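See structure below.
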Amino acid sequence: MSSTANDGLLVGLREIADVGRDAQRGGYSRHLWQSADLELREWFAERATALGLDVETDRNGNLWAWWGEPGDDALVTGSHLDSVPGGGPFDGPLGIETAFQAVERLRQRGVVPRRPVAVVAFAEEEGSRFGVACLGSQLMTGAISPERVRALRDADGVTFADAARRVGFDTAHLGRDPEALARIGVFLELHVEQGRGLIDLGAPVAIASRILAHGRWTLTFRGQGNHAGATLMSDRDDPMIAAARAVLEVREAALAIPGSRATVGRLLAVPGGSNVIASSVSLTLDARAASDEETRALVASIADRVAASEFVENSWSPEVHFDQALASRLTDAIGDVPVLPSGAGHDAGVLSPAVPTAMIFVRNPTGVSHAPEEYAELDDCLAGVAALESVVGSMIA
Ligand code: GLV
Ligand code: MN
Ligand code: MN
């Protein structure tokens, strides 16, 4: 982003505008415990300290910045710092920077909170490095086992445990964290909108109603690796053909269930030579639909349509309905703003079975997310800060 474009960013986003830029893909690649993530963690600590907040890292690698003594029934707000490969600058960091600004404004107004307030940055929300999303919040709530997480591998074969060790993070205490969970009285996550809802409605902010059920699978197709020139077309057992058919079937299956979505975002041919017929091809499937049942039906239909040698579930996130009483308190504080569903997963969704949770969306004029074109106007981000300030202010006074 040019310095002119940076001028239109909230101050904290401007400070991190050069961290984790991806020259090859465009946008940002900020993955857990790689250099960009470490830099962003330092930024979080510095930004929080400058605002007079106390920073700590919990046993699952999540960062907390406390206004007042850490304690139970806290109002917690925040999001994540990591990105998808080649992602935009707002998905995640917008929820953290707006939280810092809301706290800053409340402090400047002389508000003395009657309950603890914390800004949180959850670790590995996108699952871009280790394949499973929302690891920090899932570990904290016990939705995923620490043994499984320690053994997850990144694209280079490095385990989560080894990657953590390399940056000095001890995974011995990973796992369900009842103390951290008990401290959260309410969780609010502000997020850039990832679709076109607010463009169509002509409004800067919305409240979330629910999150679609979603999950991730890996499909593997096996064949016979062979020579691209010497092997007759009639003699081939090429798994790329079955994989290519599967990509089309995934689309057909999703089109058959209105409102559902299914995506093949990554495809890996082994061994991956341009003059080599692959011996295996694996692809990722991301499937989402309005309910758990519809999403399961979508995946079952895909499994019926394709001839995969292996079809492995990597993660499953049930449908989420956000807390209605909390949503009404948001409406009382910020007015009658639109209410929108989310096709994207969030740490707020992971936390919602455990604590009252709500989300605020900020308009994205491109309607594009998980890509460099993701955007939010400064005025809309400031409307997000004002909304968060009102909500937090109304719940801590
Ligand atoms: C997270 O952004 C997801 O929905 O994949
Ligand atoms: Mn995302
Ligand atoms: Mn996000």
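Points worth noting:
- Highest-MSF residue in the chain out of Ser29, Ser83, Ser260 [GNM, Cα springs under 10 Å]: Ser260
- From its DSSP helices (H runs of at least four residues, each -39,500 (n - 2.57)), the chain gives a residue-normalised ellipticity at 222 nm of -10500 deg cm²/dmol.
- Share of alpha-carbon pairs per 10 Å distance bin for the stretch 214-317, given as whole %: 16, 44, 25, 12, 3
- Whole-number accessible area per residue in Å² for the stretch 1-66, which is evaluated in the context of all protein chains at 1.4 Å: 45
- Computed on the Cα atoms alone, the convex hull of the stretch 1-88 gives a volume of 108 cubic angstrom per residue.
- Full extension of the chain segment joining Leu248 with His173 gains 22.6 nm, where the gain is 0.36 nm per residue of separation less the Cα-Cα distance.
- Folded to 0 to 90 degrees: helix 35-50 orientation relative to the chain principal axis, Cα: 10
- Computed from label points 7 Å out along Cα-Cβ, the spacing between Asn6 and Ser274 is 3.7 nm.
- Sulfur and carbon atoms: percent of accessible area, the stretch 257-370 [1.4 Å]: 51
- Degrees, to the nearest 10: 239-255 long Cα axis against longest axis of the chain: 50
- Helix 93-108 vs. the chain, principal-axis angle (Cα, 0 to 90°, nearest 10): 0
- Based on Cα contacts under 8 Å between residues 6+ apart, the chain shows a relative contact order of 22 percent.
- Within the stretch 54-104, none of the GluC sites (Glu not before Pro) combine a DSSP coil assignment with at most 14 other C-beta atoms in a 10 angstrom radius.
- Semi-axis lengths, largest first, of the ellipsoid equivalent to the stretch 313-362 are 23, 12, 8 Å, with √(5λ) applied to each eigenvalue of the Cα gyration tensor.
- The mean of 1/r over all pairs of different alpha-carbon atoms in the chain, once inverted, gives a Kirkwood hydrodynamic radius of 22.0 Å.
- Label-to-label distance, nm, for residues given as Glu147 and Glu373 (7 Å Cα→Cβ offset): 4.6
- Per-residue 3J(HN,Hα) values for the stretch 135-144, derived from phi via the Karplus relation 6.51 cos²θ - 1.76 cosθ + 1.60 with θ = phi - 60°, read 5, x, 6, 5, 5, 4, 7, x, 6, 9 Hz in sequence order (x marks Gly and Pro).
- In this simple spin-label model, placing a label point 7 Å from the Cα along the Cα-to-Cβ direction at both Phe311 and Asp54 gives a separation of 5.2 nm.
The values are calculated or read from the model by the stated rules, or taken from the named source; none is laboratory data. Everything quoted here is computed from the prediction, not taken from an experiment. Quick reminder, even Gly has a Cβ in these numbers, built from the backbone with ideal geometry, and neighbours come from all protein chains shown. Accessible surface is based on the protein model in full, side chains and every heavy atom, while ligands, DNA and RNA are left aside. Shrake-Rupley method; radii C 1.70, N 1.55, O 1.52, S 1.80 Å.
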